[in-house]
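Read the structure below first, then the notes.
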Amino acid sequence: MLITPTATPRGTGRVKDTSKGLRAARRSLRRHWQLHLLVLVPLLYFAIFKYWPMTNAVIAFKDYNVVDGVWGSAWAGLDHFRRFFDNPIFWDLLQNTFLLSGYALVAGFPIPIILALALNEVRQRFFKRTVQMVTYAPYFISTVVVVAMTILFLSPRLGLLNAALGWVGIDSIDFLSQAEFFRHIYVFSDIWQTTGYAAVIYMAALAGIDPTLYEAAKVDGASRLQKIRHIDLPGILPTATVVLILGVGSVMAIGFEKAFLLQNTLNLSQAEIIATYTYKIGLLNADFSQASAIGLFNSVINLVLLVSVHLIAKRATGRGLF
């Protein structure tokens, strides 16, 4: 007897899969409702304090005033963006921001890797922990305190650096009053403050490397440099790629506090960046729409850089953010 298979109506399988998935989700929710409740709190935090305020970015396209509110203010279109682009200081701000953040990224990216690789080779626990503590501790110092320490260290009369220069017969230099020193001061004070913290990430990646690789390299007679080159560096490459992508993605969002606190009228030609200019326009001059337009432009540039570097890294190394 020949049995003819019954044709399944089109789309029935998809409906069954969907209903099965919904039942599994409800069953998981009933079984693990405590975990879902824990996740709900951070989701609400991000929704209320991160995503909902983004809707107020519309004031970048309005002539905002406090009386009419965000949605009642008159529509201005792209006027605030045009005013910023036509400002003679626009290109100086863009150049200063890119140069300062690019310098900080290029100078600060390899140093934590070098520190992590060096500490990974140290066998004396006391020395290793001491170096970790000394390099990690500055991260917990407030930015205001770091700037105050930097100003005292570079003081032309009482500063330790100028005292050392005086011992070798060089006249004291007022570093903070000369614009050409600003970027160096900012970058190297930032490296001193953040290198130890950044190195912890790479040390965690090094700890996850398979120990049998080191044993095989030892049997093959590999030197320390060869182990670093062929085992350590490939082992931390995924972590380094993600850190680099995130670093490039925040190029335009370079730290406001330190740049603002190190500014003065003498070094402003290189110290004024988009973040500090936005603060002055928005809070000091109370031009909220113009400041929002500048901030939105800044965020769009960051997003473009982040996506671009992710795609480049994905194509070059096969690794990216997602």
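The values are calculated or read from the model by the stated rules, or taken from the named source; none is laboratory data. Being a predicted model, the structure only gives us computed values, none of them experimental. All Cβ positions, glycine included, derive from the backbone under ideal geometry; neighbour counts span all protein chains shown.
Among the conditions (1) at pLDDT below 90; (2) basic (K, R); (3) in contact with a helix residue (DSSP H, G or I) (Cβ under 7 Å, 6 or more places away or on another chain), the only one that R183 does not satisfy is (1). Is there a residue in the stretch 87-110 that is out of contact with any helix residue (DSSP H, G or I) (no Cβ under 8 Å at 6 or more places or on another chain), surrounded by 12 or more Cβ atoms within 10 Å (Cβ to Cβ), without any contact (Cβ under 8 Å) to a residue 60 or more places away in the chain and not in a helix (DSSP H, G or I)? Checking the stretch 87-110: at least one residue is out of contact with any helix residue (DSSP H, G or I) (no Cβ under 8 Å at 6 or more places or on another chain), surrounded by 12 or more Cβ atoms within 10 Å (Cβ to Cβ), without any contact (Cβ under 8 Å) to a residue 60 or more places away in the chain and not in a helix (DSSP H, G or I). Would you be able to say whether some residue in the stretch 215-225 is among the hydroxyl-bearing types (S, T, Y) and surrounded by 13 or more Cβ atoms within 10 Å (Cβ to Cβ)? Within the stretch 215-225, none of the residues are among the hydroxyl-bearing types (S, T, Y) and surrounded by 13 or more Cβ atoms within 10 Å (Cβ to Cβ).
Identify, from the list V243, V309, the residue that is under 21 Å from I201 (Cα atoms), crowded, with 19+ Cβ neighbours inside 10 Å and either in contact with a helix residue (DSSP H, G or I) (Cβ under 9 Å, 6 or more places away or on another chain) or in contact (Cβ under 8 Å) with a residue 24 or more places away in the chain (or both). Write out each step before concluding.
Working: V243 fails: crowded, with 19+ Cβ neighbours inside 10 Å.
It is V309.
Out of curiosity, is T317 surrounded by fewer than 18 Cβ atoms within 10 Å (Cβ to Cβ), of a type in the set (V, I, T) and in contact (Cβ under 8 Å) with a residue 24 or more places away in the chain?
Details: surrounded by fewer than 18 Cβ atoms within 10 Å (Cβ to Cβ): yes; of a type in the set (V, I, T): yes; in contact (Cβ under 8 Å) with a residue 24 or more places away in the chain: yes.
Yes, satisfied.
Scan the stretch 71-86 for residues that are assigned to a helix (DSSP H, G or I) and more than 28 Å from I254 (Cα to Cα) and jot them down. Passing the criteria: W71, G72. The set of residues in the stretch 185-226 that are among the charged types (D, E, K, R), under 30 Å from the mean Cα position of the chain (by Cα) and more than 30 Å from Q263 (Cβ to Cβ) contains only D210. For the stretch 229-305, the helices (runs of 4 or more DSSP H) that sit wholly inside it and include 2 or more residues that are in the same structural domain as Y103 (by TED's automatic domain parsing) and under 26 Å from D63 (Cβ atoms) are 274-279.
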